[in-house]
């Protein structure tokens, strides 16, 4: 017997195992799968990856298209829609706000300027900073964009990426030298990423700016790739200081990850 529209609506809105609304969970899952696939997919691909039947996916995608979160391309494939840009920009700003207490702790314990940065496409964008209390300190404007090959945060964010993806990124951006210490060879950069994986942290040693050293670590289990760092004069961020600072960076990164995850706790009542 054909299913009535009323029963279809009721089924789509039934509670999920998590206690939420199943149709909402499925819609957001499809958006994330689209993002993982590069932003554009066909219905059959979504069905194969999600395990949902095509009629269910078609209904959900039709709703997302009507809301502007997905758009249908001339080739009949579906792409992430422009309304997501506004949500993403707002979320990035909030991410910086949530990170500030952790960055403030970094400043207190290391004495150096603390930053948080995201990988946005092929660029690094700084989303939060708490400055050092020293009269001689580093300053990076929030919102500033730089190429990843010359920064500690860039190395930290790319360390676990497949080598072929890193090479493709470097080919797109080029590897211009910010200083005479900047790594400008793809093989040398991949070697530096291997060192980051072994050590558990990344170093920018006069590579973005002469006289400045930066130590950075990735923040684990984030919804978008993020890293935190400290930066200061090379005369203060010495090898001895690095041994003291890196464990603090790693601990703060773990705590920040847990704090961000806590913001998604479902409301009670």
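The values are calculated or read from the model by the stated rules, or taken from the named source; none is laboratory data. Values in this document were obtained by computation on a predicted structure and should not be read as measured data. Don't worry about glycine lacking a Cβ; one is built from the backbone with ideal geometry, like all the others, and counts go over all protein chains shown.
Observations on the model:
- Screening residue 232 on (1) at pLDDT 95 or above; (2) touching a strand residue (DSSP E or B) at 6+ places or on another chain (Cβ under 7 Å) shows it passes everything except condition (1).
- Filter result for residue 253 (closer than 17 Å to residue 110 by Cα and exposed (fewer than 14 other Cβ atoms within 10 Å of the Cβ)): no
- Comparison of 147, 169, 118 shows that the only residue that is out of contact with any strand residue (DSSP E or B) (no Cβ under 8 Å at 6 or more places or on another chain), at pLDDT 90 or above and more than 17 Å from residue 196 (Cα to Cα) is 169.
- Qualifying residue in the stretch 87-99 (condition: assigned by TED's automatic domain parsing to the domain that holds residue 202, in contact with a strand residue (DSSP E or B) (Cβ under 8 Å, 6 or more places away or on another chain) and modelled with pLDDT of 90 or more): no
- For beta carbons closer than 6 Å, sequence separation of 6+ or different chains, a first residue in the stretch 128-141 that is under 12 Å from residue 110 (Cα atoms) and a second that is modelled with pLDDT of 75 or more and in a loop (DSSP other than H, G, I, E, B), the qualifying pairs are 132/112.
- Against the numbered list (1) surrounded by fewer than 19 Cβ atoms within 10 Å (Cβ to Cβ); (2) within 21 Å of the chain's Cα centre (by Cα); (3) closer than 24 Å to residue 114 by Cα, residue 210 comes up short only at (2).
- Helices (runs of 4 or more DSSP H) wholly inside the stretch 76-188 that include at least 3 residues being buried (at least 21 other Cβ atoms within 10 Å of the Cβ), in contact with a helix residue (DSSP H, G or I) (Cβ under 8 Å, 6 or more places away or on another chain) and at negative phi: 83-110, 152-158
- Within the set 198, 236, the sole residue that is surrounded by fewer than 19 Cβ atoms within 10 Å (Cβ to Cβ), farther than 20 Å from residue 141 by Cα, in the same structural domain as residue 162 (by TED's automatic domain parsing) and touching a residue at least 12 places away in the same chain (Cβ under 8 Å) turns out to be 236.
- Count - residues of the stretch 34-45 that are assigned to a helix (DSSP H, G or I), in contact with a strand residue (DSSP E or B) (Cβ under 8 Å, 6 or more places away or on another chain) and over 17 Å from residue 85 (Cα atoms): 1
- Verdict on residue 52 being over 30 Å from residue 246 (Cβ atoms) and part of a loop (DSSP other than H, G, I, E, B): yes
- Of the residues making up the stretch 19-51, those that are surrounded by fewer than 17 Cβ atoms within 10 Å (Cβ to Cβ), touching a residue at least 24 places away in the same chain (Cβ under 8 Å) and over 15 Å from residue 77 (Cα atoms) are 19, 20, 50.
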